[in-house]
1. Test each condition in (1) in a helix (DSSP H, G or I); (2) out of contact with any Phe, Trp or Tyr (no Cβ under 8 Å at 6 or more places or on another chain); (3) touching a residue at least 24 places away in the same chain (Cβ under 8 Å); (4) not aliphatic (A, V, I, L, M) for Arg111 and report the one that comes out false.
2. For residues that are in contact (Cβ under 8 Å) with a residue 12 or more places away in the chain, surrounded by 15 or more Cβ atoms within 10 Å (Cβ to Cβ) and under 30 Å from Ala199 (Cα atoms), tally how many sit in region 5-47.
3. Could you tell me which residue of region 389-406 is farthest from Ser355 (Cα to Cα), considering only residues that are in contact (Cβ under 8 Å) with a residue 40 or more places away in the chain and in a loop (DSSP other than H, G, I, E, B)?
4. What is the number of the single condition among (1) closer than 22 Å to Ser240 by Cβ; (2) of a type outside the set (A, V, I, L, M, F, W, C); (3) free of Cβ contacts under 8 Å to residues at least 40 places away in the same chain that Gln82 does not meet?
5. Given the criterion part of a helix (DSSP H, G or I), in contact with a Gly (Cβ under 7 Å, 6 or more places away or on another chain) and aromatic (Phe, Trp, Tyr), identify the matching residue among Phe290, Phe295, Phe300.
6. Name every residue in region 95-105 that is within 12 Å of Val128 (Cα to Cα) and in contact (Cβ under 8 Å) with a residue 40 or more places away in the chain, in order of residue number.
7. Right, Leu260: under 12 Å from the mean Cα position of the chain (by Cα), more than 22 Å from Met148 (Cα to Cα) and in contact (Cβ under 8 Å) with a residue 24 or more places away in the chain or not?
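What follows is calculated from the coordinates using simple rules that are stated; it is not laboratory data. As the structure is a computational prediction, the values presented were derived from the model and not from experiment. Using ideal geometry, Cβ is built from the backbone for each residue, glycine included, and neighbour counts are taken over all protein chains shown.
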Amino acid sequence: MYEKLAKFYYKYPDEYENEYQKRINDYAAVNLDLKIKPLKANEEFQCFYVNHQGLALDYSKIMKNTNIIQAMLMNLPTSVLQHYVQSKLVDELVNTNKIEGVRSTRAEMKRVLVIETPEKKTRFWSFVNAYRSLLENASLTKVETPQMIRKIYDELLAGEVDLDDQLDGVLFRANGVDVADGSQKVIHQGVVPEEKVIASLEKMLAFLNEYPAPVLHKIVIAHYYFGYVHPFYDGNGRTSRYISSLYLKNELDILTALTLSYAIDQNKKRYYGGFADSEDRLNKGELTHFCQSFFQILLFAQEHIIDELQTKTTQLHSLFETVEYSLRNFTHNEQQIILKLGEQHLFGFTGDGLSKKEVEDALEISGYKVNKAFDVLVERGIIEVIKKKPLVVMLAGEFTRALGWEL
């Protein structure tokens, strides 16, 4: 097992300095043009990580999982994929807020998501729109300058930052900032002054975009270093996760990118433990364990996605079989409506259903034929009306229970 330098110090104090030199000069060591000064340290340390066997194995698993996820997505109908990505996007928005203690709901995010241009001030619109750009803007592939970081921050946090936390520098904060734990004990102090913040971020971006190392390792290191620099009074976590998701989308897959905040929220101890290890002066700038922690979080995210996709695709297949055999006496339109509602129920926003207009557009059939099919399906207990104006229907609970689906 690859041991933390800090732990090695307490076990073998006489061998500690030799162990540090051994690691930083190891053939598998990657020495970075990034420096940190932990809270209780008297000196700066050059950051490095050691790409040991365990870390390399986790990297291999992540890349293999990405191939599995991409193959599963390719087998999904386009309409199903659209439902699922939208659902995961909403989950990511809610979870990235949740980590920071900002309350938002899936219903709220779904409402904002469909607004192209708000007629009046709408809470979270800029935030949602920034993530929509992450999905839809193919030219948005990297962050190249500190000015771009500030632009991302402005889009994500528009109208969401308290007056006391408004930025007062040219691009970032002009004064220092303390990072405290749950008991309000200061565990980190952000880089000061602003000139050094900007210079540090420039080095981070040069490393992220240009350094000859695996991209995934660079994403993780940059995620840590952004937190270390802490360029804002508030909003550092949401900005950092957005930037990481942007790069993960391009290096891995869109679903891993949109499950990052969920995985971090489910693994908070591991996540913040990685930051704490890196802040320990006895680890002398080693970021290996932060990489390990983050890789494990990515694996958690991917395993969640794969399990969920396997379950949902199996359930969708069972619905196809039910329609083909048990419901073969229903008309073609009725069968297609059942299947379309099943796709939405499994891969979209469960409980929302589909409007009559959405069914007409998706199946390219007239309103008269949709109404006629709805009447039959409601009478047979397969669908239920959840809204009358406009008309919205969903699969009936009794029908989904008969299929063995969890509600």
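1. Every condition holds for Arg111 apart from (3).
2. 15
3. Gly404
4. Of everything listed in (1) closer than 22 Å to Ser240 by Cβ; (2) of a type outside the set (A, V, I, L, M, F, W, C); (3) free of Cβ contacts under 8 Å to residues at least 40 places away in the same chain, Gln82 misses just condition (1).
5. Step by step, each of Phe290, Phe295, Phe300 is checked, and only Phe290 is part of a helix (DSSP H, G or I), in contact with a Gly (Cβ under 7 Å, 6 or more places away or on another chain) and aromatic (Phe, Trp, Tyr).
6. Across region 95-105, the qualifying residues are Thr96, Asn97.
7. No: the conditions fail for Leu260.
Residue-by-condition table, conditions (1) touching a residue at least 40 places away in the same chain (Cβ under 8 Å); (2) surrounded by 19 or more Cβ atoms within 10 Å (Cβ to Cβ); (3) of a type outside the set (Asp, Glu):
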position: Thr288; (1), (2), (3): yes, yes, yes
position: Phe300; (1), (2), (3): no, no, yes
position: Phe320; (1), (2), (3): no, no, yes
position: Glu324; (1), (2), (3): no, no, no
position: Ile337; (1), (2), (3): yes, yes, yes
position: Gly342; (1), (2), (3): yes, yes, yes
position: Asp375; (1), (2), (3): no, no, no
position: Lys387; (1), (2), (3): no, no, yes
